[in-house]
Amino acid sequence: MEKAAENVEIAVLGGVGFNSYREFESQPVHTPYGGITTYFTTIRRKRVAVIPRHAGENHIPPHRINYRANIWAVHAIGAKRIISTNSVGSMRGHPVGSFVVLGDFIDFTRNRPSTFYDDKTVHVDLSEPYCPEIRTALRCALEKKGLSYTEGIYACTEGPRFETRAEIRMMSQFADVVGMTGVPEVILAKELSLCYASLAIVTNQACGLTTQKLTADEVTEVVGKAQDSIFEIISDTVENLKEARSCRCRFAKEGACL
């Protein structure tokens, strides 16, 4: 296992809100699934690791992200909590630029490795997939800033294409927002008994809910405008989290192995 870097307490996955992360201290982390580069900084007197999902020579598309390496790296450097940032499309008419604190998910991905355990059976408990302590801290940070947010269910699709009208009509029966990067991260975090929660930002209305063509440009534009707000939300969340975990996330794998 990689040596822990200066008592890192929390990892941020996604990098949204950290547009200057390349200026942070960087460290390569070697995992059984490949190497990644992790960036370290201090937020409100706590050491935080930032792992950009799409970082690479070219922008890594969602279906090609090495999710297992990213989550294993968090575990390897000794962090116990993960705050994920995700761009999502709304299937419930949420205003563009508003936030969603995720409470559950539905997995529509097809080709992504979603477990660390290929050689034995591990039925990890996902009755509470997102850490309640981090979710509470996220809600408090949003309310402190007076920012609009809701709570909801996340549908994760394979990508990299946008969804069809028919797919959105189907998924909207079960979920509130749709994205391409939140799964299998949340599952893999549970398998390592890590705390994981997601701050989702609505970047567009899902296909069929508007007459306009969906484009990647609008996603980038909304995320760019929200960078400062996201950084402040995450900073307040980091500050408000107690050092000791009292949630059930740390027991997620108990009784799961056959």
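Of all the listed residues (Ala137, Ala155, Ala175, Ala141), the sole one being touching a Leu at 6+ places or on another chain (Cβ under 6 Å) and modelled with pLDDT of 95 or more is Ala137.
Candidates are the residues of the stretch 214-237 that are charged (D, E, K, R) and within 27 Å of Arg81 (Cα to Cα); the one that is surrounded by the most Cβ atoms within 10 Å (Cβ to Cβ) is Asp236.
Sort through Thr157, Thr203, Thr164, Thr150 and tell me the only one that's touching a residue at least 24 places away in the same chain (Cβ under 8 Å), closer than 21 Å to Gly89 by Cβ, touching a helix residue (DSSP H, G or I) at 6+ places or on another chain (Cβ under 6 Å) and β-branched (Val, Ile, Thr).
On inspection, the qualifying residue turns out to be Thr203.
When the stretch 89-141 is filtered for residues that are in contact (Cβ under 8 Å) with a residue 60 or more places away in the chain, closer than 28 Å to Phe162 by Cα, small (Gly, Ala, Ser) and touching a helix residue (DSSP H, G or I) at 6+ places or on another chain (Cβ under 9 Å), the ones remaining, listed by number, are Gly89, Gly97, Ser114. In the stretch 165-183 there is at least one residue that is part of a loop (DSSP other than H, G, I, E, B), among the acidic types (Asp, Glu) and in contact with a strand residue (DSSP E or B) (Cβ under 9 Å, 6 or more places away or on another chain).
For the stretch 192-213, the tally of residues that are surrounded by fewer than 24 Cβ atoms within 10 Å (Cβ to Cβ) and farther than 16 Å from Ala155 by Cβ stands at 7.
The set of residues from the stretch 121-167 being buried (at least 20 other Cβ atoms within 10 Å of the Cβ) and more than 30 Å from Glu239 (Cα to Cα) comprises Thr157, Glu163. For the stretch 49-98, the set of residues classified as in contact with a Lys or Arg (Cβ under 8 Å, 6 or more places away or on another chain) and assigned to a strand (DSSP E or B) consists of Arg81 only. Between residues in the stretch 238-250 that are buried (at least 16 other Cβ atoms within 10 Å of the Cβ) and residues that are of a type in the set (S, T, N, Q), which pairs lie under 9 Å by C-beta distance while being six or more apart or on different chains? Pairs found: Asn240/Thr136; Cys249/Ser193. Residues considered: Ala197, Ala141, Ala189. Of these, the only one that is closer than 30 Å to Lys120 by Cβ, part of a helix (DSSP H, G or I) and within 18 Å of the chain's Cα centre (by Cα) is Ala189. For the stretch 172-182, a residue qualifies if it is buried (at least 24 other Cβ atoms within 10 Å of the Cβ) and out of contact with any Gly (no Cβ under 8 Å at 6 or more places or on another chain), and exactly one does: Gly182. For first residues located in the stretch 32-52 and closer than 17 Å to Gly78 by Cβ, partners that are among the polar types (S, T, N, Q) and in a loop (DSSP other than H, G, I, E, B) and lie 6+ apart or on another chain with Cβ distances below 8 Å form the pairs Ile36/Asn66; Arg47/Asn7.
The values are calculated or read from the model by the stated rules, or taken from the named source; none is laboratory data. Remember, predicted model here, so these are calculated numbers, not experimental data. FYI the Cβ positions are ideal-geometry reconstructions off the backbone, even for glycines, and counts take in every protein chain you see.
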